[in-house]
Every structure is written in structure tokens, then in C-alpha cells.
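Worksheet: one structure, shown below.
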Amino acid sequence: MSRKTVPFNMPTKAAPLPPASDAWVGTATNDVPEGKGAKVTQLKPAPAPAEAMKRFTIDVTESLHKRIKGQCAMRGVNMADTIREM
């Protein structure tokens, strides 16, 4: 029995992105009325944390995750920042 060989090329390392490449990620600067979709006019960079961050993993139901993600998307805010505020 012969083995099948598949050619595989290792991807080349991409150059690291400059720190400013993620500067657009942040929170919306406008308020969103209840029941209205968010119209994000300007984003500001997320503030640097005052202390070291630690990862915190929890399991939630798929429906809860969708509800949180949908509300954050409508408001134009980051899910992690919203949960941290809670």
C-alpha cells in the first residue's frame, strides 16, 4: 500500500502591524435612543487599562451571547468593554 503525499507550503511570516492599526477599535461617542439602531459617527480608542488585565472565561447560552452581541452591535460598542462595565 502506498502513501499519498500532499504538497504543503509553509506560509511566510507577515510583517507585524503597526500599533495604530487597531486605533479604530473603541466605543461610540454618541448616545443611542432605545429601540433605534446605532449610527456611529465617531469612534475613540479604548482607554488603556489602569492595571494589568487577566483573562476571565465564562460559559453562557448561545441565545444570551446573541442577545449581548446584538445589543452591542446596535450601540456600536465593544462586548468586552460592556461586560467589564457590568
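Observations on the structure shown:
- In region 55-74, the residues that are of a type in the set (D, E, K, R) and in contact with a Gly (Cβ under 9 Å, 6 or more places away or on another chain): none
- A single entry from Asp59, Asp81, Asp22, Asp31 fulfils the requirement of being at pLDDT 90 or above and of a type in the set (Asp, Glu): Asp59.
- Ala14 being part of a helix (DSSP H, G or I) and modelled with pLDDT under 80: no
- Residue match in region 35-50 (condition: at pLDDT 80 or above, open to solvent by less than 100 Å² (accessible area, probe 1.4 Å) and within 14 Å of the chain's Cα centre (by Cα)): no
The values are calculated or read from the model by the stated rules, or taken from the named source; none is laboratory data. Note that the coordinates shown come from a computational prediction; the quantities given were computed from them, not determined experimentally. Cβ: placed from backbone, ideal geometry, glycine included. Neighbour counts: every protein chain shown. Heads up: the accessible areas ignore ligands, DNA and RNA and are worked out on the full protein's heavy atoms, side chains in. Shrake-Rupley method; radii C 1.70, N 1.55, O 1.52, S 1.80 Å.
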